[in-house]
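Trainee: Have a look at this one.
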Amino acid sequence: MPNSLKVSLVNNAPPGTTVYAYITGLAIQHSSRRVFVKQDSSLYFPSNPSRILQPLEEDCAIVLGNDPKCPTVVTIPQIAGGRVWYSYDAPLTFLRNQGGPGGGAALVEPSVLNPTDPNNQVNFGFCEFTLDPAQLFANISYVDFVSEIPAGLTLKERGGKVQHVSGMAEDGLERVCQGLREQTKKDGWPWEKLIVMKKGSGQVLRVLSPTHAGAAGVKFDGFFEPLVERAWRKYAQGLEGGHTNGHKEEDKEKDGKRHRLSALFKGFKEKDQSHSQQSNGAETGCEMHIDTQTPMGVLSGCIPKGKDELIIGGEAFSKPTTADILGCNSGPFTTGPSPKRNAIIPRLAAAFQRSCIADIMNHPSPPETFYCCEPTNHYCRIVHESNLDGKGYAFAYDDVQPDGGADQSGKVNAGDPEEFIVLIGGRGAYVGDRMP
């Protein structure tokens, strides 16, 4: 693994747009201090201020050239928790607070949730990366919001192999908004209220994740609770009318249900089937199987007779709320000192988020089983449908997949990277593992 890496920033924005970029993170080789990589590849370490909310001492903006064929190239050191930020027609504001890592400043980053943030009305986005002694790992993210600025990633390895994540086309945000408006008409939930308009212009600025619905002034309280109740009934032991032979049900699942779910997935836009067509809510007495994808192997789970907790591999999980499912980090999904529990949580949380928990007993399950029954996270579904290759983190554990399964997270990674390319703007976006 090199101590540094060439990063090429490509301007695929609409003609005439000024694109600003910023590269931030923790400098691994410099006591993990906060660092900016500047246009000339020099490093700026913000000093610890005497007061909070102090401006940066240097201009760290990287202004991209207008020709996509002539990218702006900088060299980055090893960085953990890195981000490449980008904005259209206005620079971003970063501020310094006291008590940052390594003796430097803490960084106040742009926020889409704080209405008083100086960047709140700026059109911006970011992608994430870490370059450490083991590898480069990078991904696009929609966990918090969908920006109007699409981004794609390309990674060239030293052996010549190329990995590419497409991102959205130029009209990606418009497609997301259209999907959310259509979903609100179908089910009455406030999906369309997640659309944030630029003040005074009537123009869409971004779309917030339902995890942050409160920032848009709306609530999804109670949304996932019917799914939780169906799941609890499915895995409850000793309920009347149920069956306890999980293996027989597993065979039925493989022979029939997955084919049905796959058909539902392919026909999502025409999906108006009733719950009885999508899921047999009367099933009970089943057994869940979680592949931890670790040496711990596959763990079985159920709700013992007379109990109200889902027990998986000896770990007890209470019923999650909608907020727990959307955020993936509270209630039963709070991580802790148990490696076993921490291995179960991402897979269990993903099964709820993708709404396959009550239909499929083996997890992680394949993508054709995702978002196929109601209620489901239509933000995630629409975001994936709006990406040219279907990839991109739409929730925190969107990297959960079966062994050998198709990646959903929109990541590139390699232990021998030669060049990392960030394509900013959706002009000319493409699908396929090739160089731009």
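The values are calculated or read from the model by the stated rules, or taken from the named source; none is laboratory data. Please read these numbers as outputs of a predicted model, since none were measured by experiment. Here the Cβ positions follow ideal geometry from the backbone for every residue, glycine too, while neighbour counts run over all protein chains shown. The accessibility values were calculated without ligands, DNA or RNA, using every heavy atom of the protein model including side chains. Shrake-Rupley method; radii C 1.70, N 1.55, O 1.52, S 1.80 Å.
Trainee: So which of F420, F352 ends up being open to solvent by less than 10 Å² (accessible area, probe 1.4 Å), hydrophobic (A, V, I, L, M, F, W, C), part of a strand (DSSP E or B) and in contact (Cβ under 8 Å) with a residue 24 or more places away in the chain? I'd like the intermediate steps shown before the answer.
Mentor: Working: F352 fails: part of a strand (DSSP E or B).
The match here is F420.
Trainee: Taking K319, is it among the charged types (D, E, K, R) and either closer than 25 Å to I149 by Cβ or touching a Ser or Thr at 6+ places or on another chain (Cβ under 8 Å) (or both)?
Mentor: Details: among the charged types (D, E, K, R): yes; either closer than 25 Å to I149 by Cβ or touching a Ser or Thr at 6+ places or on another chain (Cβ under 8 Å) (or both): no.
When the stated conditions are applied, K319 does not pass them.
Trainee: Exactly one condition in (1) modelled with pLDDT of 95 or more; (2) in a loop (DSSP other than H, G, I, E, B); (3) of a type outside the set (F, W, Y) is not met by V10; state its number.
Mentor: (2)
Trainee: Now, a different point. Tell me yes or no: at least one residue of segment 287-308 is closer than 24 Å to P210 by Cα, surrounded by fewer than 21 Cβ atoms within 10 Å (Cβ to Cβ) and not charged (D, E, K, R). Walk me through how you get there before you give the answer.
Mentor: Taking segment 287-308 first, the residues closer than 24 Å to P210 by Cα are none.
The answer is no; no qualifying residue exists.
Trainee: Kindly list the number of the only condition in (1) more than 15 Å from the chain's Cα centre (by Cα); (2) closer than 30 Å to V7 by Cβ; (3) open to solvent by 50 Å² or more (accessible area, probe 1.4 Å) that fails for D403.
Mentor: For D403, the failing item is (2).
Trainee: I would also like to ask the following. Inside segment 360-376, can you point out the residues that are open to solvent by 10 Å² or more (accessible area, probe 1.4 Å) and not in a loop (DSSP other than H, G, I, E, B)?
Mentor: N362, P367, E368
Trainee: Output the qualifying pairs, or none if there are none: Cβ atoms under 7 angstrom, residues six or more apart or on different chains, first residue in segment 166-182 and without any contact (Cβ under 8 Å) to a residue 60 or more places away in the chain, second residue surrounded by fewer than 19 Cβ atoms within 10 Å (Cβ to Cβ) and not β-branched (V, I, T).
Mentor: Close Cβ pairs satisfying both conditions: R181/E192.
Trainee: I need the full set of residues from segment 179-201 which are open to solvent by 60 Å² or more (accessible area, probe 1.4 Å), within 26 Å of T116 (Cβ to Cβ) and outside any helix (DSSP H, G or I), in order please.
Mentor: Passing the criteria: M197, K198, K199, G200, S201.
Trainee: Another one. Looking at (1) crowded, with 24+ Cβ neighbours inside 10 Å; (2) touching a residue at least 24 places away in the same chain (Cβ under 8 Å); (3) not hydroxyl-bearing (S, T, Y), which is the one condition that is false for N413?
Mentor: (1) is the only condition that N413 fails.
Trainee: While we're on this one: Looking only at residues that are of a type in the set (S, T, N, Q) and touching a Pro at 6+ places or on another chain (Cβ under 8 Å) in segment 1-30, which one is nearest to P46 (Cα to Cα)? Steps first, please.
Mentor: At the first step, the residues of segment 1-30 found to be of a type in the set (S, T, N, Q) are 3-4, 8, 11-12, 17-18, 24, 29.
If we keep only those that are touching a Pro at 6+ places or on another chain (Cβ under 8 Å) as well, we get 3-4, 8, 11-12, 29.
Numbers: N3: 22, S4: 20, S8: 24, N11: 27, N12: 30, Q29: 16 Å.
The residue in question is Q29.
Trainee: Is it the case that F137 is part of a strand (DSSP E or B) and either small (G, A, S) or crowded, with 20+ Cβ neighbours inside 10 Å (or both)?
Mentor: On the way: part of a strand (DSSP E or B): yes; either small (G, A, S) or crowded, with 20+ Cβ neighbours inside 10 Å (or both): no.
Judged against the criteria, F137 is not a match.
Trainee: Output the number of residues of segment 140-164 satisfying the condition of being under 29 Å from W191 (Cα atoms), over 14 Å from the mean Cα position of the chain (by Cα) and open to solvent by 20 Å² or more (accessible area, probe 1.4 Å).
Mentor: 1
Trainee: A further question follows. Look at segment 377-390 and say how many of its residues are farther than 22 Å from N329 by Cα and surrounded by 22 or more Cβ atoms within 10 Å (Cβ to Cβ).
Mentor: Selection size over segment 377-390: 3.
Trainee: Name the residues in segment 387-417 that are assigned to a loop (DSSP other than H, G, I, E, B) and among the aromatic types (F, W, Y), would you?
Mentor: First, pick out the residues of segment 387-417 that are assigned to a loop (DSSP other than H, G, I, E, B): 388-392, 394-410, 415-416.
Correct list: F395, Y397.
Trainee: Take R427 and tell me if it is under 22 Å from Y86 (Cβ atoms), open to solvent by 20 Å² or more (accessible area, probe 1.4 Å) and of a type outside the set (G, A, S). Reasoning before the result, please.
Mentor: Working: under 22 Å from Y86 (Cβ atoms): yes; open to solvent by 20 Å² or more (accessible area, probe 1.4 Å): yes; of a type outside the set (G, A, S): yes.
In short, yes.
This table checks each residue for (1) free of Cβ contacts under 8 Å to residues at least 40 places away in the same chain; (2) open to solvent by less than 10 Å² (accessible area, probe 1.4 Å); (3) in contact with a Leu (Cβ under 6 Å, 6 or more places away or on another chain).
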{"site": "N12", "(1), (2), (3)": "no, no, yes"}
{"site": "T17", "(1), (2), (3)": "no, no, no"}
{"site": "S31", "(1), (2), (3)": "no, no, no"}
{"site": "I62", "(1), (2), (3)": "no, yes, no"}
{"site": "V73", "(1), (2), (3)": "no, no, no"}
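Trainee: Next question. What single numbered condition from (1) open to solvent by 10 Å² or more (accessible area, probe 1.4 Å); (2) touching a Gly at 6+ places or on another chain (Cβ under 9 Å) fails to hold for G167?
Mentor: (1)
Trainee: Also: Filter segment 213-242 down to residues that are open to solvent by 40 Å² or more (accessible area, probe 1.4 Å) and outside any loop (DSSP other than H, G, I, E, B), then give me how many there are. Steps first, please.
Mentor: Looking only at segment 213-242, we keep the residues that are open to solvent by 40 Å² or more (accessible area, probe 1.4 Å), and these are 214-215, 217, 219, 221, 225-226, 229-230, 233, 237-241.
This time we only want the ones that are outside any loop (DSSP other than H, G, I, E, B), so: 214-215, 225-226, 229-230, 233.
The qualifying residues number 7.
Trainee: Name the residues in segment 84-132 that are surrounded by fewer than 21 Cβ atoms within 10 Å (Cβ to Cβ) and farther than 20 Å from R34 by Cβ, would you?
Mentor: Hits for segment 84-132 are Y88, D89, A90, L113, P115, T116, N120, Q121, V122, N123.
Trainee: When you scan segment 320-346, how many residues do you find that are open to solvent by less than 70 Å² (accessible area, probe 1.4 Å) and assigned to a loop (DSSP other than H, G, I, E, B)?
Mentor: Going through segment 320-346 one residue at a time, the tally reaches 7.
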